[in-house]
Amino acid sequence: MELICPAGTLTSFRDAVDAGADAVYCGFRNETNARNFPGLNLSRDELAEAVDYAGARGVKTLVAINTFMRAGDEALWTKAVDDAVALGADAIIIADLGLLAYAAERYPDHRRHLSVQAAAANVDHINFLVDAFGVKRVVLPRVLTVAEIASVTRQVRCETEVFVFGGLCVMEEGRCSLSSYATGKSPNMQGVCSPASHVSYGRNGGEMISYLGEFTVNRFPEDEPAGYPTLCKGRFVAGDEKGYLFEDPVSLDVLSHIPALEQAGVSALKIEGRQRGRAYISQVVGQIRKALNKSGSGPEMEALRRLSEGQRTTAGSFEKRWR
Amino acid sequence: MALEVSTTPSVRLTIGPLLYLWEPDKWRDFYFRIADEADVDGVTLGEVVCSKRQHFHQPLLGEVIERLTAGGKKVRLASLALVTLERELRSTRLLGEQDEFEVEVNEIAAHAAMRGKPHAVGPLVNVYNGPTARVLAAGGATSICLPPELPLASLRAIVRDAPGIEYEVFAFGRVPLAISARCAHARVKGATKDNCRFVCGEDPDGLPVETLDDQPFLALNGVQTMSHSCQALIGEVPELIEAGITSLRLSPQRCDMVAVAQIFRAVAGGEMDTRAGLQRLGTAYPDAKYSNGFLYGVPGHQLTLAR
């Protein structure tokens, strides 16, 4: 199985290559990708350098152009595809059907991967896009159990890739407007979720309060570390329940399922975290590489756990009881 | 300048699929009343949110379709929004195998199942631009209800860029914001998705979610998360028509939907001004806080009063 690693900067790109990635994915510095955060992502020149660095070491470069094209401004997205191809990216990762059609028509021989943002969670959806646009690989949304991943992988006419570590969307990816409901900015359109530009904090005695737009997302007692107000991981009230209604502030860790994924025929394992720093990239990639090489052990997994957001992890939809 | 009498192009009104789990007799009676009394052109039926609910209304579907058809309403059948299980795939494929009713697809698997036959596309399919609309049209889509998240500028650009398709917008109702493999609704009530005892049926208008500072925020509807506010694109009806939108979707809430349709009809026909329309909606659905922010490209929960 290939190990697919994130990079938000040229430096962390090199770190990921050095730490043992088989492929590194990154995006351009604008709203064409789903991690459109300030100070993150690569310029055209940097992508050229990245492709060279990776290529010389036998590592592939994947470029995520995985937001949905803004009507009337499609040229920004098609230009991103043109540039990624011209600069030598090994594959482009796409969610938008119109952009997929463009890439398939313009660059029929260039590898197209279906982004997790396409929310392609079943065999008919995936095979339709394989037949229509020659998709070579699908990144599966985080809504499937290990058994379902195995079933999809058996039936689809392309490779499958699954997230095994890092941030976790509770909602099906590419089909969530919670962020734009609160802030006007969304993953699908602007490539941001619960953007920092709309985050604020307040205090009430010893309590720390986090807000997104006009809404209170969490209140942290004095003895509790304050987390980032990602909407689906906030504390809310419904009926008699008060607390983390959608999901605790946890991140995904399904490394213990790697043997099952291998047996299922999954082609690639993906690490989330283009927004994370160099230390995270080097350590996570290194440790998972070791685990993949079967030399992994308890202490390495413990080191990984410490790098997780909120330091608590879940296997998410991979295990049926999560639902 | 001579005063011209503008002829307003007629706009279709459709009742979208009922997104909540209603008791079977209430469900049937709702549609009977729509069939007999509502001034709407079409009605989309069927379970969109959760396949576990499908058996509740399946036995009543025949009589409801018959009544709606007799009432002059064009009936469409909706497909599921999230398809992961084998039986969900089977029911999606079955929609493609029947030719009696037009299908509204809410997932690409259903679009694939149509094999090029004419069909409608629901608001949960990501159509953000003209090229995507053209891809779907090439596969048989003849009408598209655009995603509620889109601003007016995008609606205009899509209609211009991909002509020959009927365009609809989500004009009334709590907005479906997200769908998950996990059922927050069941969890809140101490259950899990696989052993849910259909607790979502206890909240026929959604279970309100508030912030820790008591701000109304969202509503739970099984695996779907909806807006607390009720989207009402009533003040913008003239602009929507001018942009080339030909159909307005009214999504059922626990309120007087016959009155809601009447108000939209009056505003679309120019017999009621938009402000009066919004005010009248307040009477038809007294619990609602209205919003239209998505259309203006601002936070979706906000309400901007049309000029």
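Things to note:
- Of the residues A:Thr9, B:Thr225, the one with the fewest other Cβ atoms within 10 Å heads the list, and the complete ranking is A:Thr9, B:Thr225.
- Chain A: DSSP helices with Cα axial extent of at least 20 Å and average Kyte-Doolittle hydropathy no lower than -1.0: A:278-292
- Contour excess over end-to-end distance, with Cα ends at A:Ser197 and A:Glu49 and 0.36 nm allotted per residue: 50.2 nm
- Ranking of B:Thr69, A:Thr67 by neighbouring Cβ atoms within 10 Å, starting from the fewest: B:Thr69, A:Thr67.
- For segment A:228-233, putting each phi into the Karplus relation 6.51 cos²θ - 1.76 cosθ + 1.60 with θ = phi - 60° gives couplings of 6, x, 6, 3, 6, 10 Hz, in residue order, rounded to whole numbers and with x for Gly and Pro.
- Segment A:244-283: C-alpha gyration tensor shape, a/c 1.5 cut-off, then a/b vs b/c: oblate
- For chain B: rounded, prolate or oblate by the Cα gyration tensor [a/c cutoff 1.5]: rounded
- Among A:Phe68, A:Phe236, A:Phe165: highest mean-square fluctuation, GNM of chain A, C-alpha pairs under 10 Å: A:Phe236
- Averaging the sequence gap over all C-alpha pairs within less than 8 Å and six or more residues apart, then dividing by the number of residues, gives chain A a relative contact order of 20 percent.
- Cα gyration tensor, the protein assembly as shown - rounded (a/c under 1.5), prolate or oblate: prolate
- Efficiency of FRET from Cβ geometry, A:Arg278 and B:Glu202, R₀ 45 Å, rounded to 0.05: 0.35
- The ranking of A:Lys60, B:Lys117 from fewest to most other beta carbons within 10 Å of each one's beta carbon is B:Lys117, A:Lys60.
- Only DSSP H runs of four or more residues enter the estimate; each adds -39500 (n - 2.57), and after division by the residues of chain B the mean residue ellipticity at 222 nm equals -9500 deg cm²/dmol.
- Amide H partners (placed H, <5 Å) of B:Arg174, local residues excluded: B:Gln231
- Partners for B:Lys74 among lysines (Cα-Cα distance below 24 Å; same-chain residues under 8 apart left out): B:Lys26, B:Lys117
- Placed amide H near A:Thr216: partners under 5 Å, 5+ positions off or other chain: B:Asp213
- For the options B:Glu100, B:Glu47, B:Glu242, a Gaussian network treatment of chain B with springs between C-alpha atoms closer than 10 Å singles out B:Glu100 as fluctuating the most.
- Long-range HN-HN contacts of A:Glu159 with modeled amide H, under 5 Å: A:Arg137, A:Val138
- Computed [θ] at 222 nm, helices only, for chain A once each DSSP H run of length n ≥ 4 contributes -39500 (n - 2.57): -10000 deg cm²/dmol
- Highest to lowest packing among A:125-135, B:122-132, A:12-22, scored as the average C-beta count within 10 Å: B:122-132, A:12-22, A:125-135
- For segment B:61-106, the relative contact order is 44 percent, taking Cα pairs closer than 8 Å that sit 6 or more residues apart in sequence and dividing their mean separation by the residue count.
- Relative contact order for chain B, counting Cα pairs under 8 Å that sit 6 or more residues apart, in percent: 19
- For the segment A:315-323, counting C-beta atoms of other chains within 10 Å of every residue's C-beta and taking the mean gives 3.
- Karplus-based coupling profile of segment A:214-220, in residue order and whole Hz: 8, 9, 6, 9, 7, 10, 10, with θ = phi - 60° in 6.51 cos²θ - 1.76 cosθ + 1.60 and x standing for Gly or Pro.
Read-outs throughout are calculated quantities, based only on the coordinates presented, and are distinct from any laboratory measurement. Note that the coordinates shown come from a computational prediction; the quantities given were computed from them, not determined experimentally. Every residue, glycine among them, receives a Cβ derived from its backbone with ideal geometry; neighbour counts consider all protein chains shown.
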